[in-house]
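Have a look at the structure below, then the notes.
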Amino acid sequence: MHRFSFKIRHRGCAESTFSTAFPKHHITVVDIQSRSPKEKQYFYYISGPPKEFDAIIKHLQNSKGYKLTREIERSSDTLLLLVVLHQQAYVQNIIQKYNGFFLEHHTVYGGYEYWHVGVLDRTAIQKMKKEIEKLGELKALYIGEVDFAPALLSSQQKKVFQSAYDQGYYKTPRKTTIVRIAKVLKLNPSTAGEHLLKAENKVISSVAKRI
């Protein structure tokens, strides 16, 4: 299998506009139903400063690109929304045109959409890339072969685990704490600790099975 990871600042896209307006927030997008090529229904998992959650909802409700914005729940650092997005062009329509499939949920941060796509035919990547470039400023992050097996860690677990490693959490003596890791990632310490514990358990279990 081949992997194509890229980021795009999508012209005329309501998601990119939303992310540019709230650059401190990280949006994970879950496609729960595609009603038509021009209308998509999503769950948005939004993490970031909670003081702006109400402003985010108001922004989406006032955006012409969103036909529906409904709050499902919120915590101290996460907002879950149900949205229906309507626009002329979607990246995922091009991906599906070339029989691509999603390896991870696509995310939006700092005005860019991040996509991680799998294909069986490597030649499809360049065709896909050429069409997606028409939608905006695209930068390829990775093109290459990967195992078909699913990723060991979720994107959030990977993010917390990598940050812990980079900050020296696994050095002796430790160079950082859960609180500091959480602060860097703008997460609640309990949330960061939970993700790190789950990541550690998965990594240890995976290694143990190979010994």
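Readers should treat all values here as calculations from the given coordinates under stated rules, not as data from a laboratory. Just so we're clear, the structure is a prediction, and the values are computed from it rather than from any experiment. Using ideal geometry, Cβ is built from the backbone for each residue, glycine included, and neighbour counts are taken over all protein chains shown.
Worth pointing out:
- Separation of alpha-carbon centers, the stretch 88-164 and the stretch 176-190, rounded to whole Å: 28
- Cα convex hull volume per residue for the stretch 155-210 (Å³): 75
- Segment N201..T20, full-extension length gain: 61.6 nm, with 0.36 nm per residue of separation and the alpha-carbon distance subtracted.
- Length released on extending from F101 to T177, taking residue separation times 0.36 nm less the Cα-Cα span: 23.6 nm
- 3J(HN,Hα) along the stretch 83-90: 9, 10, 9, 10, 7, 7, 9, 10 Hz, from the Karplus curve 6.51 cos²θ - 1.76 cosθ + 1.60 with θ = phi - 60°, whole Hz, x for Gly and Pro.
- Computed about its Cα centre, the charge dipole of the stretch 2-145 is approximately 460 debye, with only Lys, Arg, Asp and Glu carrying charge at their Cβ.
- Cα-Cα pairs of the stretch 70-170 separated by more than 21 Å (percent): 50
- Sites L120 and I72, calculated FRET efficiency, Cβ-Cβ separation with R0 41 Å, nearest 0.05: 0.70
- Across the chain, C-alpha contacts under 8 Å between residues 6 or more apart give a mean separation that, scaled by the residue count, equals a relative contact order of 27 percent.
- Extension gain from Q88 to I143, taking 0.36 nm per residue of separation minus the Cα-Cα distance: 17.1 nm
- Low-density loop cleavage sites - chymotrypsin sites (Phe, Trp or Tyr not before Pro) in the stretch 70-155, where at most 11 other Cβ are within 10 Å (DSSP): F148
- Take every pair of alpha-carbon atoms less than 8 Å apart whose residues are at least six positions apart; their mean separation over the length of the stretch 1-108 yields a relative contact order of 29 percent.
- Scaling the Cα radius of gyration of the stretch 1-121 by the globular reference 2.2 N^0.38 Å produces a ratio of 1.04.
- Too-long pairs where the Cα-Cα distance tops 22 Å, listed order kept, from K24/K134; K24/K97; K7/K159; K24/K202; K51/K139; K64/K97: K24/K134; K24/K97; K24/K202; K51/K139; K64/K97
- Each principal axis of the Cα cloud of the stretch 121-181 was taken in turn, and the coordinate range along them, longest first, works out to 50, 28, 16 Å.
- The chain - Rg over Rh from alpha carbon coordinates, Kirkwood radius: 0.99
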